[in-house]
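The values are calculated or read from the model by the stated rules, or taken from the named source; none is laboratory data. Remember, it's a predicted structure, so these values are computed and weren't measured experimentally. Here the Cβ positions follow ideal geometry from the backbone for every residue, glycine too, while neighbour counts run over all protein chains shown.
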């Protein structure tokens, strides 16, 4: 057991008070997730319970979005470019869940984010004039922590942005100065929560002009805890058999993104531990982490080693708890990053490095007697007719669309990036406001 | 969906079902496009295609079954007269580009870049002068890229020698430079030089042969199962995979379903029925391996719970199989040596899930195997688990995705086998590794770079592929992780020795009969 939850990677940003408040938040997310499970639920948190023989389970997945690799298996250039494009809606057309008022309802307030949905994001800093790469920064820091930091210590927030991104960062850049709404709660009711004056996690220094923490709407710690909770429920197929396959599980339980490397892997491993008779949790300090980068394919010029260029800025590599890392040439090297070869060709995109990154969470479990909760399926997967390698969740009683045996591949000329603003005019009520940190 | 009828007179035989000849010669040639074309014109009538090899091997295996002869001996039983002269070839990126044929380079970026450029990605040394660095390769070094790779095969050694002479004469007459020529020979019991039977596990390629699709390319030793969600097996442990994973122009494996095909996108005519070929000449330092095993054993036995294990036990865990090929997951304590029945006994296991006993269509009962999700029987770092995690999830997603990282392995050993006690001999011996796949980048390279050489992929805290991995020295060496119980303790052992030395290779495209004609048609 632990007395409190540490900050991600035990980073020492926070004083005792804010750190205790962070612990309380994490504890609260766990308790909320546990409360959503039956009494026999197999999710525990390390403050309330623990067994001395609990074992560690490292769960790894690739940092580059699987959906782009599935979509463009041979067109490597296109998937690199697409993954680095700042969007206002992801590949499936979903915007970030921020809204503005329109009449008595709400319409999306389209904000920028990275369509990098494997709990690892990166930004390629380029010179304003030259366009040359100056550094490539990776993060796995969850947005809730930065929200908390903004609420706890505004001066520190600004200092970190200035230290890590740009001295040009101004306070007003980081906070909303307009009415922007998300889903909130008051007295048990869903109410619109106005963020005007609050921290803007999708501010320009964390999107177009830099990177501080995760931005994709699915990349959040709260969502990760909820995924872990949902994955502890064993699932039965229509034939009554326990489902063991990771892909079948996520389609059945709908606990995450079906086209990712991460969610099926995390959920599958947790469910496997529960099937094996364990209670499970996420290890303290609870977080999402960069586990490693494979430096072997990277060949800098002039006798510089790849290790000289990869610097862990926040967190630590030895425990596989990297929060922020930066790839840059040593100061005064006299070379450009475009002189670095990755996999036999010049470095031109951060995505080339992202393909070498492994992201992890640190699971934990111990043997627990009794029957784990079991449920039937809530959804199923259908193939997307336009891209059959990709799936989409569907109602159990829905009919999956037909798939043509031969798929026409769009040519260069008529290709349109699918991230669109198509939902911009859809008006919804306050009750329909989605959770800002959804998993799918 | 019915399995596709393969265009068996259009696909080169080494792609499927494999030349499999006990005597093979690998020849690399370089030269101008015109010279390449001159030789290809002469080689065209000699190329062996899938249909011929399929018919031959079906007959050979039938005789082998009746006479209980396996491996090399099965070729002797069917050999008559002069012996067979089989030939396959593949083309490098340069002559294709010179001929204005862009499709292979567009289909695989790594093919376009070439093996020397991708060498460090595979874990090869970065420093020139280091053993294994590309600058010192005996074939495929950056300054001498092969334009053609020939694979000659025969059931008789003397026939092969004569065949090689004829082909080399034709090559020099055409104006090509001989860059490399080496003989590969299947060893006793199909062992590789460390003494382990190789090639037991291959994907079962779906597809049929014959006008009416009467014959499955891969023998079906098991009756079809009705469960539509789990993998389908052609033989115990042999998962059926859609042929588009290896040959262009056919349905691929759906990344989200074990049995469902993925519709094929429109394919350039030059690619249809062709396949990418990876060639790696891997020198094996047998003495260094044996010494390293002794060192690793000393590290492991220092942990009390492992003080009862010996060199044989540890070697088998590094491989995942005993020298006979028997999997440690099934045969935990000792090598049974000969399989107690067919070789299928050595392949009916998975890692995450228990496998049930099955009975083949010929009536042989093959016992099942327990699951090993914690790596207690077959360590996560064992070579066979690293390169083929079977039913396991990986860092790339669910187990259905794992089926898309399979290769058709066609390698053959070279050099004389080491004798016991020859630990320090300097003989050059090793493996002429050859694999066919749809994507060099998405199959061969991914499992090499991202699985074998990683301490945490594909299954978690696994350690490296200590046997074959190429993690560079100075990076903490290659580690293997062992445990007796699920909750640990997890014991890590480490070596900085290298006993596999890359000494050459290249990336090529094995064209179909039709594509060869396209290549030659460009002459006019």
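Points worth noting:
- Residue that is under 30 Å from residue B:187 (Cα atoms) and part of a loop (DSSP other than H, G, I, E, B), where the choices are B:100, B:129, B:71: B:71
- Every residue from region B:466-476 that is surrounded by 17 or more Cβ atoms within 10 Å (Cβ to Cβ) and either more than 14 Å from every other protein chain (Cβ to nearest Cβ) or more than 19 Å from the chain's Cα centre (by Cα) (or both): B:466, B:467, B:468, B:471, B:472
- Of all residues in region B:239-254 being touching a helix residue (DSSP H, G or I) at 6+ places or on another chain (Cβ under 7 Å) and assigned to a strand (DSSP E or B), the one that is farthest from the other protein chains (Cβ to nearest Cβ): B:241
- Search result, residues across region A:287-303 that are within 18 Å of residue A:321 (Cβ to Cβ) and either in a strand (DSSP E or B) or without any contact (Cβ under 8 Å) to a residue 12 or more places away in the chain (or both): A:289, A:290, A:291, A:292, A:293
- Within region B:48-70, residues that are closer than 14 Å to residue B:18 by Cβ sit with their Cβ atoms under 6 Å from residues that are part of a helix (DSSP H, G or I), at 6+ positions apart or across chains, in these pairs: B:60/B:74; B:60/B:78.
- In the set (1) under 23 Å from residue A:322 (Cα atoms); (2) at pLDDT 95 or above; (3) touching a strand residue (DSSP E or B) at 6+ places or on another chain (Cβ under 9 Å), the condition left unmet by residue A:23 is number (3).
- Qualifying positions in region A:310-341 - more than 25 Å from the chain's Cα centre (by Cα) and crowded, with 20+ Cβ neighbours inside 10 Å: A:329, A:337, A:340
- With respect to the stated conditions, residue B:453 fails to be over 10 Å from the mean Cα position of the chain (by Cα) and either modelled with pLDDT of 90 or more or more than 30 Å from residue A:354 (Cβ to Cβ) (or both).
- Look at (1) within 14 Å of another protein chain (Cβ to nearest Cβ); (2) touching a residue at least 60 places away in the same chain (Cβ under 8 Å); (3) farther than 17 Å from residue B:150 by Cα and you find that residue B:93 fails only one, number (3).
- Breaking point among (1) out of contact with any helix residue (DSSP H, G or I) (no Cβ under 7 Å at 6 or more places or on another chain); (2) over 30 Å from residue A:66 (Cβ atoms), for residue B:418: (1)
Conditions (1) under 30 Å from residue B:446 (Cβ atoms); (2) within 14 Å of another protein chain (Cβ to nearest Cβ); (3) crowded, with 18+ Cβ neighbours inside 10 Å, marked per residue:
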position	(1), (2), (3)
B:115	yes, yes, yes
B:122	yes, yes, yes
B:146	yes, no, yes
B:155	no, no, yes
B:169	no, no, no
B:178	no, no, no
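- Of the residues making up region B:484-496, just one is within 30 Å of residue B:141 (Cα to Cα) and surrounded by fewer than 17 Cβ atoms within 10 Å (Cβ to Cβ), namely B:496.
- Per the listing B:524, B:462, B:448, the residue uniquely at pLDDT below 90 and crowded, with 22+ Cβ neighbours inside 10 Å is B:462.
- Given (1) within 14 Å of chain A (Cβ to nearest Cβ); (2) crowded, with 19+ Cβ neighbours inside 10 Å, number of the condition residue B:105 does not satisfy: (2)
- Across region B:382-402, the qualifying residues are those that are away from chain A (no Cβ under 14 Å) and touching a strand residue (DSSP E or B) at 6+ places or on another chain (Cβ under 9 Å), and the one among them that is surrounded by the fewest Cβ atoms within 10 Å (Cβ to Cβ) is B:383.
- Those residues of region B:255-297 which are assigned to a strand (DSSP E or B) and within 11 Å of chain A (Cβ to nearest Cβ), in sequence order: B:261, B:262, B:264, B:265
- Residue in region B:308-323 that is in a strand (DSSP E or B), under 26 Å from residue B:187 (Cβ atoms), touching a helix residue (DSSP H, G or I) at 6+ places or on another chain (Cβ under 8 Å) and more than 14 Å from chain A (Cβ to nearest Cβ) present: yes
- Scanning region A:287-311 for residues that are over 28 Å from residue A:57 (Cα atoms), touching a helix residue (DSSP H, G or I) at 6+ places or on another chain (Cβ under 7 Å) and within 11 Å of another protein chain (Cβ to nearest Cβ) turns up A:298, A:299, A:300.
- Here region B:74-93 is the region considered, the condition is being assigned to a helix (DSSP H, G or I) and touching a helix residue (DSSP H, G or I) at 6+ places or on another chain (Cβ under 8 Å), and the residue that is nearest to residue B:31 (Cα to Cα) is B:93.
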